[in-house]
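Q: My questions will all concern the structure given below.
The values are calculated or read from the model by the stated rules, or taken from the named source; none is laboratory data. Quick caveat, the model's predicted, so the values are computed rather than measured. When we count neighbours, we look across all protein chains shown, and the Cβ atoms used for this are built from the backbone with ideal geometry, even at glycine. In case anyone asks, the SASA skips ligands and DNA or RNA and just uses the protein heavy atoms, side chains included. Shrake-Rupley method; radii C 1.70, N 1.55, O 1.52, S 1.80 Å.
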Amino acid sequence: MSLAFVESPVQLLNTLEWAHAGGVPADGLTLVVLSPTDPMSRGQLRRTAELARDEGFAVVWQEARGGPAAPLQAIRALGPLLRGAERIVIGDPFSRYVQLLLTLVGGRHLTIVDDGTATMEFVAQTARGERLVRWHRRGGRRGPRELALAPVTLAARRRLSPAGARSVEVFTSMPVEAPPGITVTANDYAWTRSRFGPPRLTRGADLVGTSLVETGVVDLERYLAAVDALAAAHGATRYFAHRRESVDKLARLTARTGLEVVRPDLPLELIARRGPIGETVLSFPSTVVHTLPLALAGTGITVAVCDIAPEWLRESASPRAQGFLSVVTGTARGVHRLAAPA
């Protein structure tokens with residue numbers, strides 16, 4: 001029996017892809033949704049969970065963030081499932097919640113499915129033996145909370161490394177080179193392509209949003225200007241918002257660009273595959289420049305990625321941000337590169 005812990009719609013989708021690729025039967029996997037608090041993520045998770053149930057998988061919805069006592073209550077409730085699982089599937093090794101769970105699972109086999117471009121950083125940090133820090137965080141001195149959780153993080157790092165008969169697998173659509181002992185399995189979105197589409201194409205272009213402003217990497221005004229310039233240059237009419245983009249930012253974007261903002265109720269790979277979708281999909285450096293060419297293979301849709309200019313970055317952005325975003329763009333296969341608008 002395999003047990004998956006997912007915290008985002010993309011993690012849930014990629015767990016379904018992993019099960020499909022590995023021939024895992026419906027009664028061989030239980031999906032535990034550690035529900036976030038923001039409404040957009042919760043809505044997408046509920047819709048994606050419906051797809052999982054349609055495939056016959058058991059889905060447990062766990063309100064994991066309802067207050068200070070919620071994590072311990074959730075762990076107690078999940079105890080029987082944890083004890084019976086031979087393989088644990090997770091989507092975000094940087095998550096403190098998941099790291100805490102990993103300290104309780106002993107010698108089980110472990111699979112890490114994509115939670116976006118963070119998978120690239122996780123594999124790179126693991127290979128270098130570094131502590132796990134999200135790429136957009138500045139790092140430096142750790143605060144009281146980080147210091148208090150340091151033992152949990154250290155234990156999770158050990159658990160995320162293969163040892164003895166315990167295996168570690170990374171199931172990913174990202175270009176990664178795992179350290180010795182970690183198995184990499186390619187995710188080509190075969191389940192998505194087999195269940196949905198091909199999509200109906202519309203004329204013109206659609207633009208994919210990003211949360212780089214919300215994570216403190218890119219300046220808001222620079223971002224709005226870039227979206228405006230891209231939309232005008234390529235005839236884009238719709239803007240598919242990232243689930244973490246703020247309402248205020250999207251309102252300003254609509255007022256400035258005239259784009260129709262779409263708040264997807266499923267991960268974009270599924271939305272694009274079901275259609276309708278533009279003949280060209282424009283994006284900034286993000287997960288979708290790696291996943292959409294796979295999900296949309298054979299449809300004739302062009303995926304184009306626009307570089308992030310150094311001057312768009314906020315002064316508070318991590319020193320690693322520019323380099324990491326360049327790697328995300330430079331390693332994407334099957335996409336067209338676009339220069340940053342002046």
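Q: With the requirement that a residue be among the aliphatic types (A, V, I, L, M) and open to solvent by 10 Å² or more (accessible area, probe 1.4 Å), what does the range 213-229 give you? Before the answer, list the steps.
A: Within the range 213-229, the first condition is being among the aliphatic types (A, V, I, L, M), and the residues that meet it are 213, 217-218, 220, 224-227, 229.
Within the range 213-229, Val213, Leu220, Ala225, Ala229 qualify.
Q: Okay, next question. Report whether or not Ser318 is crowded, with 17+ Cβ neighbours inside 10 Å, outside any helix (DSSP H, G or I), touching a Phe, Trp or Tyr at 6+ places or on another chain (Cβ under 9 Å) and among the small types (Gly, Ala, Ser). Can you show your working first?
A: Working: crowded, with 17+ Cβ neighbours inside 10 Å: yes; outside any helix (DSSP H, G or I): yes; touching a Phe, Trp or Tyr at 6+ places or on another chain (Cβ under 9 Å): yes; among the small types (Gly, Ala, Ser): yes.
The answer is yes for Ser318.
Q: Condition first: open to solvent by 50 Å² or more (accessible area, probe 1.4 Å) and of a type in the set (Ser, Thr, Tyr). Now tell me which residues in the range 247-266 satisfy that.
A: Within the range 247-266, just Thr254 meets the criteria.
Q: For Leu325, work out the one condition from (1) open to solvent by 10 Å² or more (accessible area, probe 1.4 Å); (2) farther than 25 Å from Arg203 by Cβ; (3) assigned to a helix (DSSP H, G or I); (4) in contact with a Pro (Cβ under 9 Å, 6 or more places away or on another chain) it doesn't fulfil.
A: (1)
Q: Moving on to the next point. Within the range 296-310, is even one residue surrounded by fewer than 18 Cβ atoms within 10 Å (Cβ to Cβ) and farther than 26 Å from Asn187 by Cα?
A: For the range 296-310, residues surrounded by fewer than 18 Cβ atoms within 10 Å (Cβ to Cβ) and farther than 26 Å from Asn187 by Cα: present.
Q: While we're here: Does at least one position in the range 191-205 carry a residue that is surrounded by 17 or more Cβ atoms within 10 Å (Cβ to Cβ), within 25 Å of Ala339 (Cβ to Cβ) and of a type outside the set (S, T, N, Q)?
A: Scanning the range 191-205, I find at least one residue that is surrounded by 17 or more Cβ atoms within 10 Å (Cβ to Cβ), within 25 Å of Ala339 (Cβ to Cβ) and of a type outside the set (S, T, N, Q), so the answer is yes.
Q: Let me ask something else. Give the range 1-35 a look and list any residue that's open to solvent by 10 Å² or more (accessible area, probe 1.4 Å) and either of a type in the set (Ser, Thr, Tyr) or closer than 16 Å to Leu45 by Cβ (or both), or say none. It would help to see each step written out before you state the result.
A: Taking the range 1-35 and keeping what is open to solvent by 10 Å² or more (accessible area, probe 1.4 Å), we get 1-2, 7, 10, 18, 20-28, 30.
The answer is Ser2, Glu7, Val10, Thr30.
Q: With the requirement that a residue be touching a Gly at 6+ places or on another chain (Cβ under 6 Å) and under 26 Å from Pro264 (Cα atoms), what does the range 154-208 give you?
A: To start, the set of residues in the range 154-208 that are touching a Gly at 6+ places or on another chain (Cβ under 6 Å) comprises 162, 166, 199-200, 202, 204-206.
Scanning the range 154-208 gives Pro199, Arg200, Thr202, Gly204, Ala205, Asp206.
Q: Within the range 164-184, work out how many residues are outside any strand (DSSP E or B) and either among the β-branched types (Val, Ile, Thr) or free of Cβ contacts under 8 Å to residues at least 24 places away in the same chain (or both). Full working, then the answer.
A: Filtering the range 164-184 down to residues outside any strand (DSSP E or B) leaves 164-165, 167, 173-181.
Next, only the ones that are either among the β-branched types (Val, Ile, Thr) or free of Cβ contacts under 8 Å to residues at least 24 places away in the same chain (or both) stay: 176, 180-181.
Within the range 164-184, residues that are outside any strand (DSSP E or B) and either among the β-branched types (Val, Ile, Thr) or free of Cβ contacts under 8 Å to residues at least 24 places away in the same chain (or both) number 3.
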